[in-house]
Each structure stands twice: as structure tokens, then as C-alpha cells.
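Data block below; observations after.
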Amino acid sequence: MVTVSVSAPGEEGFLTMASLVRTNLVVEHDPSHGELVTRHFSFKPHHYAKVVTSAVAALNFVKYIKPNLFLLEHHLPGIDGLALYDLLRETKELASIPAIIFGVPLPTQALAIIKTQRLVLLDTLIELEGLGIDIVELGIPFVMN
């Protein structure tokens, strides 16, 4: 972990950079699409995107780091993005983390679930410019440019 010392460790005023960084967990089975998201977030101050390519990797990641936002591909191998989101929310510490679901077409049932939960639907990863707006609508501080 990167630390910034404004005084000696253990004294009042010592703080870590971890509390200043927003971690966005992206679950996308195609590494090239995941790279698009990573590049997009690399230009945003205080934002970090971690891309994993499977539900198993996502569930392992959240054991060690609590993200601020989930970006979940709906069409993952072996599980859909909504089912993964349900699994992630079973952990108390992750239950309130918002999510953006991407990947179309989605079944009608999935669209109904997205509307009733605190979820945003992103048609494609190409719509990354609008992604910041979606994140702000979820109540997460996000620096647009």
C-alpha cells in the first residue's frame, strides 16, 4: 500500500492513499475489452480499475479489496452478470456497492431486475464517455475529466 506521511507513523495525521483511491472492479471475459476500461480509468484522478476475466477471479479479488463499484459483463462464461452481482452482495461488506451491467442483448427478465435494483445498464463498453455520468448517478464521486 502506498502511504503519504504528513507526520510520523502512529501519530495523528498519518494517512494512507488507499482511502483516497476509488477501486472499480471490472468483470469482463474479453481481455481486450477490459483493457479499454482500464485505459479509460487510468486518466481519471483517484480511480483505479482492476479487470478480472471470470466470476471466480472476482469473488477472490473481493476477499482482499473492497471495490467502490462493480462493472459486470452480463454474458460471462458459466454465469451471468446479475447472478454474479447477487453472489457478491451476499457478503455484508459488499451489499451496498452499486453496479453497472453491460453487454447486450439482455433478456427481458434481466432488464426488469436492472430496473428494480440499484443498477445501471451500459449497452457497450464503447459508451465509456457516458460511464462517468452513470457512476455519478449512483452516488459515487467521480472526476469526469
Evaluate segment 51-114: find the radius of gyration of its Cα atoms, find its Kirkwood radius, and give the ratio Rg to Rh. 0.94
A student applying the Cα gyration tensor rule (rounded when a/c is under 1.5; otherwise prolate if a/b is larger than b/c, oblate if not) would label segment 21-129 rounded
Probe radius 1.4 Å, ligands and nucleic acids left out: which of Arg39, Arg22 has the largest accessible area, and how do the rest follow? Arg39, Arg22
Among the lysines, which have Cα under 20 Å from the Cα of Lys66 when same-chain residues fewer than 8 positions away are ignored? Lys44, Lys50, Lys92
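The values are calculated or read from the model by the stated rules, or taken from the named source; none is laboratory data. Because the structure is a prediction, the values reported are computed rather than measured. With ligands, DNA and RNA removed, areas are computed over all heavy atoms of the protein, side chains included. Shrake-Rupley method; radii C 1.70, N 1.55, O 1.52, S 1.80 Å.
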